[in-house]
Amino acid sequence: MGQIAIVILAAGRGSRFGDHSPKPLALLAGRSLISYALTAAFDSGLAPVLLVLGYGYQKVVSSVPPSVKIVHNPSWQCGIASSLKAALRVLEPYKSIEALCIGLADQPLVGAASYQHLVSAYYEGASFAVATYGGFRRNPVLLARSMWHNAMKLEGDEGAKQLMQVHPVVEVDCDGTGNPVDVDTKDELQQLETNILLPLSLELN
């Protein structure tokens with residue numbers, strides 16, 4: 001049985017966040033956004049774990065554990081598709097890797113189990129799978145190697161979502177595995193901490 005890799009895309013500028021410092025380093029309940037995403041990646045049991053960086057590369061890379069394979073995307077300004085392709089170029093020579101799960105650094109509450117659900121769908125025959133929450137397609141996404149050549153044709157600021165317009169995709173119910181909420185602005189970051197993490201911590205105590 002071959003490997004299934006996992007990549008976290010974290011190369012973008014995050015201009016809506018309104019800060020010169022890289023958004024992946026923004027703190028949520030005392031932890032960086034990138035730390036949440038990488039913890040879920042490692043807890044999924046998939047390997048290798050890749051992280052695509054671009055804007056603020058030097059600052060972010062210094063906060064990443066050495067077990068993460070860093071992929072530098074110098075074309076990060078071209079959009080998220082360029083980051084996905086950068087990861088695929090790195091993985092292409094490793095024929096033992098059969099598929100790739102894709103997550104985003106600005107969705108810190110996506111859980112490890114969502115990746116595991118996608119892997120189960122792959123072993124049941126899905127070459128292209130997407131997590132759903134409440135019936136809506138979100139992240140993560142899985143691309144089998146047979147889909148990589150299609151992904152290499154992508155352009156702009158949409159990744160696998162473009163492929164869903166022209167290729168069949170298996171929807172995988174990931175309710176109960178986490179929360180796919182995006183953090184695009186500082187207000188959203190504050191709301192996430194206030195409305196989700198703070199009530200959760202009080203409940204646990």
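All of the numbers you see were taken from the coordinates with simple rules; none came from a lab. Everything numeric here is computed off the predicted structure, so don't read it as measured data. Neighbour counts are summed over all protein chains in view; Cβ atoms, including those assigned to glycine, are modelled from backbone coordinates with ideal geometry.
A few comments on the model shown:
- Summed residue charge, Cβ within 13 Å of A113's Cβ, Lys/Arg positive, Asp/Glu negative: -3
- As a rough footprinting exposure proxy, the listed residues M152, M147 were ranked by other beta carbons within 10 Å of their own, and the order from fewest upward is M152, M147.
- Taking trypsin sites (Lys or Arg not before Pro) as exposed when DSSP calls them loop and at most 13 other C-beta atoms lie within 10 angstrom, the chain has its longest site-free stretch at 1-94.
- Theoretical gain in end-to-end length, C78 to K186 [0.36 nm per residue, Cα-Cα removed]: 36.5 nm
- With neighbour counts taken as other beta-carbon atoms within 10 Å, the residues T185, T194 rank, fewest first, as T194, T185.
- Out of every Cα-Cα pair that the chain contains, those further apart than 21 angstrom amount to 50 percent.
- Rg of the Cα atoms in region 89-205, relative to 2.2 N^0.38 Å, amounts to 1.18.
- The convex hull drawn around the Cα atoms of region 74-150, when projected onto a plane and averaged over every direction, covers 6.0 nm².
- A Cβ-based charge dipole, computed about the Cα centre of the chain with Lys and Arg at +1 and Asp and Glu at -1, lands at about 700 debye.
- Counted residue by residue at 0.36 nm each, then reduced by the alpha carbon distance between them, the extension gain from V170 to R16 reaches 52.3 nm.
- Euclidean distance of C-alpha centroids, region 104-131 and region 1-61, integer Å: 16
- DSSP bridge pairs, the chain: antiparallel proportion in percent, nearest 5: 35
- Going from the fewest other Cβ atoms within 10 Å to the most, the residues C78, C101 appear in the order C78, C101.
- Applied to region 29-38, the Karplus parametrisation 6.51 cos²θ - 1.76 cosθ + 1.60 on θ = phi - 60° returns per-residue 3J(HN,Hα) values of 6, x, 10, 6, 4, 5, 5, 4, 5, 6 Hz, with x for Gly and Pro.
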